[in-house]
1. Of the listed peptides 267-275, 100-108, 187-195, what is their order by residue-averaged count of other C-beta atoms within 10 Å, with the highest listed first?
2. Taking the highest mean first, how do the peptides 135-141, 239-245 order by number of other beta carbon atoms within 10 angstrom per residue?
3. Can you put His87, His208 in order of Cβ neighbours within 10 angstrom, beginning with the fewest?
4. For Glu61, Glu177, Glu132, what ranking results if the residue with the fewest other Cβ atoms within 10 Å of its Cβ goes first?
5. Under the rule of at least 5 residues apart or a separate chain, name every residue whose amide H is placed under 5 Å from the amide H of Leu265.
6. I'd like the FRET efficiency for Asp223 and Leu85, computed as 1/(1 + (r/R0)^6) with the beta carbon distance as r and R0 of 30 Å, rounded to 0.05.
7. Rounded to whole Å, give me the distance from the Cα center of region 201-219 to that of region 78-145.
8. Just want the ordering: Ser178, Ser257, from fewest to most Cβ atoms lying within 10 Å of their own Cβ.
Amino acid sequence: MLLVVVRSIAHSSPPSGSNRIEWFGLFSLYMFWVVFFSFFFDPERMGRYPPMAKLKLEFHEMSTPSWFTKDPAFAWGFWSHRLGLYHSKSVPHRGYTIMKTLAATKADHFSFTSNVDTHWIRSGFAENKVMECHGSTGWMQCTQPKCTNPKAASAESGGPALWSAADVIKSLPVVDESTFRVNDPATLPKCVRCGSLARPNVMMFSDHGFVETRTDTQQLAFDNFIRDVMKNNWKLAIIEIGAGEAIPTVRETSEVSARISGSTLIRINPRDPSIPRRLSHSAVSIP
């Protein structure tokens, strides 16, 4: 479907200088699939920023749904802080614009991301071209199983299992930054269906209550995209940016997809640049 002049790639060392320019030029010859993870999950760094350092809690200990039951004001102190960082205090960086421009030149494209900050979609990528495998802070769900159970998600139950977080983001609960607690419990977000405590539709650590409705729809779209690639023998460029090994969901997905005949994996990663030996003829690493 697209002109391809290189069918397989083998590099024992990452390209540099003019060779690196040639690799980026190679992108224009392929059907395009974006795989992007915008920050490295570093347990030490993420687990020690104030006030979590003061409380002696690691990131994975904070990012768990159990806090919504044990201490809702503390749970929402953490998530109000995060939603503020992702939505109120940041905008998608220039890298998203570059990817959007490149994707527009291709026959097709897809973004598979573990980011939960909604920046891909906010950058203009279509909803049906993005897979947010760990959910999204742009959506809310209930904390109560009786409300999130698929069998309860009917017209009689009073509303959707998931709803936009826009209103919550506009008026985030005020947090005491020294304690990570919401100042006024009355401002904690509520479920639009039953009035119970709400939470972001993000897959947390040890999370058995994550509502997968939206993620399942995205997964189906991604599966159909890969199916079309294989059915039509399209040449697939897999551009993986910053996918670390601590939580390897994106990294593993790109490696599996790289086994498709005619595919090339370009791994851009300054910290975890290694390529599996089985992909040595179809992948290149750029630290």
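Just so you know, all these numbers are worked out from the coordinates, no wet-lab data involved. Fair warning: this is a prediction, and the values are worked out from it, not measured in the lab. Here the Cβ is made from the backbone with ideal geometry for all residues, glycine too, and neighbour counts use every protein chain on show.
1. For the peptides 267-275, 100-108, 187-195, the packing ranking is 187-195, 267-275, 100-108.
2. 135-141, 239-245
3. Lowest count first: His208, His87.
4. The fewest-first ordering by Cβ neighbours comes to Glu177, Glu61, Glu132.
5. Ile238, Ala283, Val284
6. Computed FRET efficiency for Asp223 and Leu85: 0.40.
7. Centre-to-centre (Cα) distance: 15 Å.
8. Ranking Ser178, Ser257 by Cβ neighbours within 10 Å, fewest first, gives Ser178, Ser257.
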